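Take a look at the structure below.
The values are calculated or read from the model by the stated rules, or taken from the named source; none is laboratory data. Here the structure is a predicted model, which means the values were calculated and not measured. Ideal geometry is used to build each Cβ from the backbone, glycine not excepted, and the neighbour counts take in all protein chains shown.
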Amino acid sequence: MLKRNDARADKSNFVGKTVPRENARRLSQGRGRYVDDIAFRNLAHVAFVRSPHAHARILSIDTQAARAVPGVIDVITGQDIRSMCQPWVGVLGHFPGLKSAEQYPLAVDVARWHGEPVAVVLAESRALAEDGADLIEVEWEALPSVVDPETALESDAHVIHPELGDNLAFRLDLEKGEVDAAFASAAHIAEGTFHFGRHTGLTLEPRSIVADFDPALRQLTVHHSTQTPFQMQDVFARHFGLEEGSVRVIAPDVGGSFGLKLHVYGEEMAACALSIRHGRPVKFIADRLEAFQTDIHARDHRVKARMAVSAEGEILAMEVDDLTGIGPFSVYPRTSAVEGNQAIRLMGGPYRMPSYRGRLQVVFQNKTPMCQYRAVGHPVACAVTEGLVDQAAHALGIDPLEMRRRNVVTQDMYPHTSPTGYVFERLSHEECHARLAEMMNYERLRREQAEARERGVYRGIGFATFIEITNPGPAFYGVGGARISAQDGCVMKMEPSGDIRVMVSVTEQGQGTETIMAQIAATHLGVPLERVRVYTGDTQTSPYGGATWASRGAGIGGVAVMKTAEALKENLLTVAATILQAQPGELDISAGAVVSRASGEERMPLSELGRIAYFRPDTLPAGFHAELTAARHYVPQGYPFAFTNGVQASHLEVDIETGQVRLLDHWVVEDCGRIINPLLVDEQIRGGVVQGLGGALFEECLYSPEGQLLCGTMADYLTPMAAEMPDIHVGHVETPTETSPLGAKGVGEAGTAAAPAAVMNAINDALSPFGASVSRMPFTPERVLRALGKV
Amino acid sequence: MKAAPFDYVRVSCFEEMQEIFAAHGDDAQVIAGGQSLIPAMAMRMARPSVLLDIAGLPGLSGIEDTGDAIRIGAMARYVDLRESALLATHVPLIRDAVALIAHEAIRSRGTIGGNLAHADPASEMPAVVQALDARIDIRGPEGQRSVPAAEFFLGTYAVDLAPGEIIVSVTVPKAPAGRLSGIQEFVRRSGDYASAGGAFVLDVENGRIAAARLACFGVCDRAVLAEQAAATLVGQELAALDPEPAVKALASEIEPTADLHNGPATKRHLIGVLTKRLLADMVSRSGKAHG
Ligand SMILES: Cc1cc2nc3c(=O)[nH]c(=O)nc-3n(C[C@H](O)[C@H](O)[C@H](O)COP(=O)(O)OP(=O)(O)OC[C@H]3O[C@@H](n4cnc5c(N)ncnc54)[C@H](O)[C@@H]3O)c2cc1C
């Protein structure tokens, strides 16, 4: 569609242009440099002994035989590690009442989920470490387990942390407007219970770390597959009693993250502890089974909800009760309250709905810990809201797209505050709906659907309007006491060649952040894109900042880069004016050269400026100092977040005899504000949609009633694959945010936020002739058949 | 995920193999394509102390015409089955089955012998060889023997192989004139093991079904022949075939077992739907072939 070299043809403006990802060629040719690819001298490896029980007391651990294996260096149990590391507790001050228990890298005395590490073996190779782990005998006393969140709060439920009193980690009640009156006066009440199965992030590159402690300098260098090097630098420093400046975290190439590579995991902490103890580099690369057992899981909600609507289809109120199971701990340092908090606050978000009551209960259970994963809370809120909207529309005989048009917050209402307190600067629901109807040829699709039904073919069309939280400011974590930076920084220098080097605190995991930063720098400096190089992910050389999460890279990091480019340009023009004996205002930079602002005529290439400034400053006036490096920081102000919005639609076919769902087409119209790189925005949307479709149709971390994780391989845990995916058509509306000079909001999670809701509504639309519906994700063939009463 | 320590021996004759089995007993294990064994070893669920590579044994490879049958060497890979002109002509059901197995990388390593010995209940080939009334040729310390496929599969991952015995080949009778065969399966994603599948053979004489063999996979603890269902088809006129009695008989004669994603009731339902669809498909293909 877009030509590859478009951007290079226009030598000055790269913002808004499709530019291929700079690192795509390198990575696809196998020249990536992931943690596991880096060679270290004297490297040691760890393997873990894990709990085979969901909940059990450790009576004894016999490490004798393991220690005797040639090549085994050390064996550490939970009791041993207590003196090697400060424990942590996953709570934050802005979630009042949130509780969790103290955690060490290894379970101490009691293991609380199937797969929790209880001992670690350090050896000369991973295979030898596994041989050692094999020989460790743990004597267990099985304890009753809490598996289903529904049972966690029952009076006879086993309390997972007796010192906390009960299994309720967090509770939140929200109320606004006249909820009871709205339900009393409603023409119709839509009602349902929605289940969201557990799934997980499944990064192509698993969690990886090499911790390398130098005892002479008391310096810990950590190569880590992480989204957040600075957060981890702080964590390692505090929990191992090191100076912050003595910890260096380097994130080399990172193969996907999706939110799971910013939490604190016992395995990584144990690797650091062992490196400090032995003074040699220690590697941990999670294998796929370990990933399923210990990478954070996502979702696990049961939501009971109802919606009051008037006879005209106006949404009057919603009442929501969300119960979510987070495993045995709230995850450190971001907590496991964020997902539920966002889920109940995002309910009804696109609509004018005046009244709302929400209740959230976050409970402990004996499963893998649950925490933030791509589109935190969004798919839950979106599916519940959109599911009820469809039910109401159906009951009132209103077309589902029309029902949404009647209820969205309209252009004249901004800035608008939702009943849960979210403030929207300016969204574009009406334009997005109009664009979608046109793109999908809605009327024709409905006609075809009716014709197909005549032939016994059951197709469905489902919509989901969404909002997405992006560009979070300090309200997200900082105010709660977390040492997680809300600002990002950039350092930019011009080298003698005229080339530009950009160091920025946001990080790259394959989404193209570095390319976007280069586009912004090149545009605001006026240099060709290929003259710009971007470096990220090293706490020793990057400016300090929050890095990459919650769709903040472009919207926050991008502004830091833009401001730095402007500052550096001003510096360079001052130097140029001095050399050329002109006024800075008469000059400009374009295509890598200083030009006359009025005529555009080239006055001097930047390489000449660099030559004079670096090597012949003696030719410049006395007292003049050329500033060839600039630095700026940026934090969003004014609004706590920048919301984006959009709408998705799914078209699919249900085989009513087998329950199999075949995806035919998927459409997204989204508004992420100013688009910096259309190709990368579309990739983010498509990738996000696929992850959403995975949760809706395939992916589920299945457990036995006793809490045994049943899927430990990619053969049991079904991820969406290309053959099952529909064409995903993406359209855009651009409403730049005025809170930032760049106008860009985030786009990383929008696809995931609404895809499951669109699919659910489409399945239910297809099943409507049978009066059947589904609301338990993933929508497996068996669940569809059950809804149809066939099994 | 690193295998426990093991030795590797590539044997070149049966005597050598027998010596190793005699010395190591159950701790020695044959490796063929490695597509099931290696993952199990990586997870330390399989822990052979000696891995016996049989690729060098005489007579285990190749696909040959023995007159009224085709003899398939145990080490024939899925891709070899797919490319074989002999099979395409005489037993097309095998080629059709290969298309449903896993993905290309696995098809270019996995072998028919390894597949049958592994006996995954959701695997295609154990059903195919039963539908085709093939014989499994076995060699062990007591010499050679040959077992009808329908008697070879004893349960999930359990087959009629004594310690020290291996599959050397599979002998498949050539299809007689008038044979219709077909295979279908329901999968969550392309390439997955089947949630329910069927490999059917109908022998038609003068427009009537003279014999039927319906093998189901992914439904029970092993691939099974549905004999009562097959009996309801015999004698029926092909062009007016009524599948309902077969579906009914099937539902009562099989004992479905759950997999991770489907309960027994779902399996029973799905195999009924599949039976109807596969029979209809076979009838319609035969109509096209003749008309
Ligand atoms: C991702 C994935 C998807 C798959 N999907 C499917 C699928 O859809 N359908 C399907 O049918 N299979 C599937 N498989 C399994 C695949 O077909 C295997 O290749 C097959 O099951 C085993 O054959 P192999 O030659 O690889 O045997 P190996 O893995 O080498 O051996 C398997 C077992 O058989 C024994 N064995 C091997 N050869 C002999 C012999 N000649 N005599 C006696 N014992 C022997 C071994 O000791 C071992 O116990 C899949 C595998 C993977 C990894």
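Conditions: (1) within 8 Å of the ligand (Cβ to nearest atom); (2) β-branched (Val, Ile, Thr); (3) without any contact (Cβ under 8 Å) to a residue 60 or more places away in the chain. B:Val79 meets all but one. Number of the miss? Every listed condition holds for B:Val79 apart from (1).
Whether a residue is more than 14 Å from chain B (Cβ to nearest Cβ) and over 20 Å from A:Leu106 (Cβ atoms) was assessed, and A:Leu262 passes this test. Against the conditions (1) surrounded by 15 or more Cβ atoms within 10 Å (Cβ to Cβ); (2) away from the ligand (no atom under 13 Å from the Cβ), B:Ser169 satisfies every one except (2).
Before we move on, is B:Ala194 within 12 Å of the ligand (Cβ to nearest atom) and surrounded by 21 or more Cβ atoms within 10 Å (Cβ to Cβ)? Give the steps one after another, and end with the answer.
On the way: within 12 Å of the ligand (Cβ to nearest atom): yes; surrounded by 21 or more Cβ atoms within 10 Å (Cβ to Cβ): yes.
Considered against the rule, which asks whether it is within 12 Å of the ligand (Cβ to nearest atom) and surrounded by 21 or more Cβ atoms within 10 Å (Cβ to Cβ), B:Ala194 comes out as yes.
Within this structure, B:Asp259 passes the test of being modelled with pLDDT of 95 or more, of a type in the set (Asp, Glu) and more than 16 Å from the chain's Cα centre (by Cα). Listed by position, the helices (runs of 4 or more DSSP H) inside segment B:223-291 whose residues that are closer than 30 Å to A:Cys711 by Cα and without any contact (Cβ under 8 Å) to a residue 40 or more places away in the chain number at least 1 are B:244-253, B:264-290. Take A:Asp765 and decide whether it is more than 14 Å from chain B (Cβ to nearest Cβ) and closer than 22 Å to A:Gly197 by Cβ. The answer is yes for A:Asp765. For the structure I just gave you, tell me whether B:Asp133 is within 14 Å of chain A (Cβ to nearest Cβ) and either outside any helix (DSSP H, G or I) or away from the ligand (no atom under 11 Å from the Cβ) (or both). Considered against the rule, which asks whether it is within 14 Å of chain A (Cβ to nearest Cβ) and either outside any helix (DSSP H, G or I) or away from the ligand (no atom under 11 Å from the Cβ) (or both), B:Asp133 comes out as no.
Exactly one residue out of B:Ala74, B:Ala97 is modelled with pLDDT of 95 or more, near the ligand (Cβ under 10 Å from one of its atoms), away from every other protein chain (no Cβ under 14 Å) and more than 15 Å from B:Ser36 (Cβ to Cβ), and it is B:Ala97. The residue list B:Ile106, B:Ile138 contains one member that is under 30 Å from A:Arg126 (Cα atoms) and either at pLDDT 95 or above or more than 11 Å from the ligand (Cβ to nearest atom) (or both), which is B:Ile106. The set of residues from segment B:186-222 being within 14 Å of chain A (Cβ to nearest Cβ) and in a loop (DSSP other than H, G, I, E, B) comprises B:Val187, B:Arg188, B:Arg189, B:Ser190, B:Gly191, B:Asp192, B:Tyr193, B:Ala194, B:Ser195, B:Gly218, B:Val219. Taking the condition under 30 Å from B:Ala177 (Cα atoms), away from chain A (no Cβ under 14 Å) and within 9 Å of the ligand (Cβ to nearest atom), does B:Ala85 pass? No: the conditions fail for B:Ala85. On the basis of being within 14 Å of chain A (Cβ to nearest Cβ), surrounded by fewer than 20 Cβ atoms within 10 Å (Cβ to Cβ) and not small (Gly, Ala, Ser), does B:Pro264 make the cut? So B:Pro264 fits the description; yes. B:Ser252 meets all of the listed conditions (1) farther than 23 Å from A:Pro778 by Cβ; (2) buried (at least 21 other Cβ atoms within 10 Å of the Cβ); (3) of a type in the set (S, T, N, Q) but one, namely (2). Across segment A:213-225, not a single residue is classified as of a type outside the set (Asp, Glu), buried (at least 19 other Cβ atoms within 10 Å of the Cβ) and either closer than 30 Å to A:Asp322 by Cα or modelled with pLDDT under 95 (or both).
Listed residues A:Arg435, A:Arg455, A:Arg444; which is under 23 Å from A:Ala758 (Cβ atoms) and without any contact (Cβ under 8 Å) to a residue 12 or more places away in the chain?
Step by step, each of A:Arg435, A:Arg455, A:Arg444 is checked, and only A:Arg444 is under 23 Å from A:Ala758 (Cβ atoms) and without any contact (Cβ under 8 Å) to a residue 12 or more places away in the chain.
Entry remark, segment A:690-717: residues being within 15 Å of A:Gly197 (Cα to Cα) and more than 9 Å from chain B (Cβ to nearest Cβ) number 14 in total. Whether a residue is crowded, with 22+ Cβ neighbours inside 10 Å, among the hydroxyl-bearing types (Ser, Thr, Tyr) and over 24 Å from A:Thr368 (Cα atoms) was assessed, and A:Tyr351 passes this test.
Taking residues in segment B:29-49 that are outside the structural domain of B:Ala102 (by TED's automatic domain parsing), and partners anywhere that are of a type in the set (Val, Ile, Thr) and within 8 Å of the ligand (Cβ to nearest atom), the pairs with Cβ atoms closer than 7 Å and at least 6 places apart or on different chains are B:Val30/B:Ile54; B:Val30/B:Ile166; B:Ala32/B:Ile54; B:Ala32/B:Thr111; B:Gly33/B:Thr111; B:Gln35/B:Ile106; B:Leu37/B:Ile31. Residue count for segment B:92-104 under the criterion of being surrounded by 14 or more Cβ atoms within 10 Å (Cβ to Cβ) and out of contact with any Lys or Arg (no Cβ under 7 Å at 6 or more places or on another chain): the result is 7. Within 14 Å of another protein chain (Cβ to nearest Cβ), part of a strand (DSSP E or B) and at pLDDT 95 or above: does that describe A:Lys304? So A:Lys304 fails the test.
Candidates are the residues of segment B:109-125 that are within 9 Å of the ligand (Cβ to nearest atom) and in contact with an Asp or Glu (Cβ under 8 Å, 6 or more places away or on another chain); the one that is nearest to B:Met75 (Cα to Cα) is B:Glu124.
Given the criteria in a loop (DSSP other than H, G, I, E, B), away from every other protein chain (no Cβ under 14 Å) and surrounded by fewer than 21 Cβ atoms within 10 Å (Cβ to Cβ), does A:Pro741 qualify? Yes, satisfied. The set of residues from segment A:126-146 being touching a His at 6+ places or on another chain (Cβ under 6 Å) and either within 14 Å of chain B (Cβ to nearest Cβ) or among the hydroxyl-bearing types (Ser, Thr, Tyr) (or both) comprises A:Arg126, A:Ala129, A:Ser145.
Among the numbered conditions (1) away from chain A (no Cβ under 14 Å); (2) within 11 Å of the ligand (Cβ to nearest atom); (3) among the aliphatic types (A, V, I, L, M), the only one that B:Ala158 does not meet is (2).
Can you name every residue in segment A:659-686 that is within 22 Å of the chain's Cα centre (by Cα), assigned to a strand (DSSP E or B) and either under 30 Å from A:Gly789 (Cβ atoms) or of a type outside the set (Gly, Ala, Ser) (or both)? Within segment A:659-686, A:His666, A:Trp667, A:Val668, A:Val669, A:Glu670, A:Asp671 meet the criteria.
When B:Asp68 is tested against (1) out of contact with any Lys or Arg (no Cβ under 7 Å at 6 or more places or on another chain); (2) surrounded by fewer than 17 Cβ atoms within 10 Å (Cβ to Cβ); (3) at pLDDT 95 or above, exactly one condition is not met: (1). When the criteria are applied in full, B:Ala55 fails the requirement of being within 11 Å of the ligand (Cβ to nearest atom), under 24 Å from B:Tyr8 (Cα atoms), within 14 Å of another protein chain (Cβ to nearest Cβ) and surrounded by fewer than 18 Cβ atoms within 10 Å (Cβ to Cβ).
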